[in-house]
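Pasting a structure below so you can have a look.
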Amino acid sequence: MPLGNPAGDLSSRLMGEAAISDVIIVGGGLAGLSAAIYLGRSRRETLVIESGHSMAGWEPDVQNYLGFPEGISGAALLECGRVQAIRFGVKMTHDEVHHVTVSGGTFQAEGSQAFYRARRLLLATGLTHLPPEVPGVRDCLGKSLFFCKDCDAFRVQGKRIAVIGRNNEAVEYALAMLSYSPSVVIATNGKSVQWDARHKGWLDEYDLAVRTDRIAKVRHHEGRLHGLDFERGDSLAIEAAFTTRGDVYHSGLAAGAGAALDETGEIVIDACMRTSIPGLYAAGCVTPANCQMIIAAGQGATAAQAINRDLFEESLRSHSLPTLRGRGHTVCERP
């Protein structure tokens, strides 16, 4: 569905004439869309600014999202969310937000196309998984090479599995895979190992093989892995792989606004998805939550309810509660 640009002409925005929405949501993934649906149904003027980079779009077959017993692609799930949000009056625009500021209780988001203003702002900017820098890997993403054992271990049962990584997380991934397959190996891709002595002990205890030489390429057919070819000339037959290279959290907007981040770069939030900046919220994979689509959607709903309550309480304090009553409205007398 093509997205409009309700922000209007850029020149007028540069002159400070941007209308003030109730809520701006930066990010059109599962967290942002879930929040938008709740806010739209709460009759809040809501604008979603999406850049089209949601990680959900990488997943061709989501098998663990409630309500889709046959699975659904991430792209289709996102499209359903957009249609649902628009149904409830949410406005959507495609833009890249570069900077967020707050002044006098109003947030301003500076995009490539326009400036946007709102009374509350939700960051649902997510993260990016880093695939291994190995030829052929990107063709296999979501088909036979995965980032998340909780999402995708079930689908690789009984297959020959490689875990590409070199840290404690890689060891734990490999150990977890033993519940799904007897054939599991760790490939460090030529990098020195970084796991600690305790994890090394588990590797020895469960007799997990480790390949430390560099991977030259992955062999696959239409994204279905057949093996890893190593630079020294030999190969390893596999049918699936997981990677633990790392994640990049898109928390720069929060940091630029002065919000607190944790040591990994995730946005610090409380149980209501509030950041350390009043009126600024965050939800989804840019927070310390387990990065699952359904958890992101749940966080988005939680954030939306908290934002709606925040706006409601503010309107009571300022005696500006929006109502449908107009002049001449007749109030029924009590009996």
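Which percent, nearest 5, of DSSP beta bridges in the chain are antiparallel?
Counting only bridges with both partners in the chain, antiparallel ones make up about 45 percent.
Just rank 112, 34, fewest to most, by other beta-carbon atoms within 10 angstrom. Spell out each step's value before the answer.
Working: 112 11, 34 28.
Ascending Cβ contact count within 10 Å gives the list 112, 34.
Right, next: Taking every pair of alpha-carbon atoms in region 15-122, give the share separated by more than 16 Å as a whole percent.
Tail of P(r) above 16 Å: 58 percent of Cα pairs.
Within a 10 angstrom radius of the beta carbon, how do 181, 315, 192 rank from fewest other beta carbons to most?
Numbers: 181 16, 315 13, 192 7.
By the 10 Å Cβ count, ascending, the order reads 192, 315, 181.
Could you tell me which of the pairs 143/217; 91/143; 159/191; 143/200 are separated by over 23 angstrom between their Cα atoms in the structure shown?
Numbers: 143/217 17 Å; 91/143 34 Å; 159/191 25 Å; 143/200 30 Å.
Table pairs above 23 Å Cα-Cα are 91/143; 159/191; 143/200.
Note down, for region 138-243, the three equivalent ellipsoid semi-axes (square root of 5 times each alpha carbon gyration tensor eigenvalue), biggest first, whole angstrom.
On the way: eigenvalues 82, 57, 26 Å².
Over the Cα atoms of region 138-243, the semi-axes work out to 20, 17, 11 Å.
Please list, short to long, the whole-number percent of alpha-carbon pairs of the chain in consecutive 10 angstrom bins beginning at zero.
Histogramming the chain at 10 Å steps yields 5, 23, 27, 20, 14, 7, 2, 1, 0, 0 percent.
Okay, next question. Note down the net charge around residue 51, summing +1 for each Lys or Arg and -1 for each Asp or Glu among other residues with Cβ under 10 Å from its Cβ.
Computed value for this residue: -3.
Another one. Looking at the chain as a GNM with Cα springs under 10 Å, which of 243, 101, 302 has the largest mean-square fluctuation?
101
Now, a different point. Out of residues 5 or more away from residue 242 or on other chains, whose amide H comes under 5 Å of its own, with H placed 1.01 Å from N in the peptide plane?
Residues meeting the criterion, in which the H sits 1.01 Å from N, are 146, 162, 163, 164.
Same structure, new question: How many nm is it between the label spots at residue 83 and residue 179, if each spot is 7 Å from the Cα in line with the beta carbon?
Here the answer is 3.6 nm between the modelled labels.
Let me have the relative contact order for the chain, percent, based on Cα pairs under 8 Å that are six or more residues apart.
Numbers: 691 pairs, mean separation 64.5, N = 335.
RCO, the chain: 19 percent.
Can you list which of the DSSP-assigned H helices in the chain have a Cα extent of 15 Å or more along the long axis and an average Kyte-Doolittle score of at least 0.5? It would help to have the intermediate numbers written out before the result.
Values: long enough: 30-41 (17 Å, 1.16); 74-87 (20 Å, 0.53); 293-317 (36 Å, 0.17).
Taking the DSSP H segments of the chain (at least 15 Å long, mean hydropathy at least 0.5), we get 30-41, 74-87.
Right, here's the next one. Under a GNM of the chain (C-alpha, springs under 10 Å), which listed residue has the highest mean-square fluctuation: 258, 67, 165?
Answer for the Gaussian network model of the chain: 67.
Right, here's the next one. How do 263, 96 rank when sorted from fewest to most other Cβ atoms within 10 Å of their own Cβ?
Numbers: 263 5, 96 14.
Ranked by crowding around the Cβ, least crowded first: 263, 96.
Comparing 66, 39, 30, which has the greatest mean-square fluctuation in the GNM of the chain with Cα pairs linked when under 10 Å apart?
Highest fluctuation of the listed residues: 66.
Moving to a separate point now. Determine the calculated [θ] at 222 nm for the chain from helices alone, applying -39500 (n - 2.57) to every DSSP H run no shorter than 4 residues and normalising by the residue count; nearest 500 deg cm²/dmol.
Roughly -7500 deg cm²/dmol at 222 nm, from the helical runs in the chain.
Taken together, the values in this text are just the output of simple stated rules run on the coordinates, not laboratory data. Just so we're clear, the structure is a prediction, and the values are computed from it rather than from any experiment. In this analysis, Cβ positions are derived from the backbone assuming ideal geometry, glycine residues included, and neighbour counts consider all displayed protein chains.
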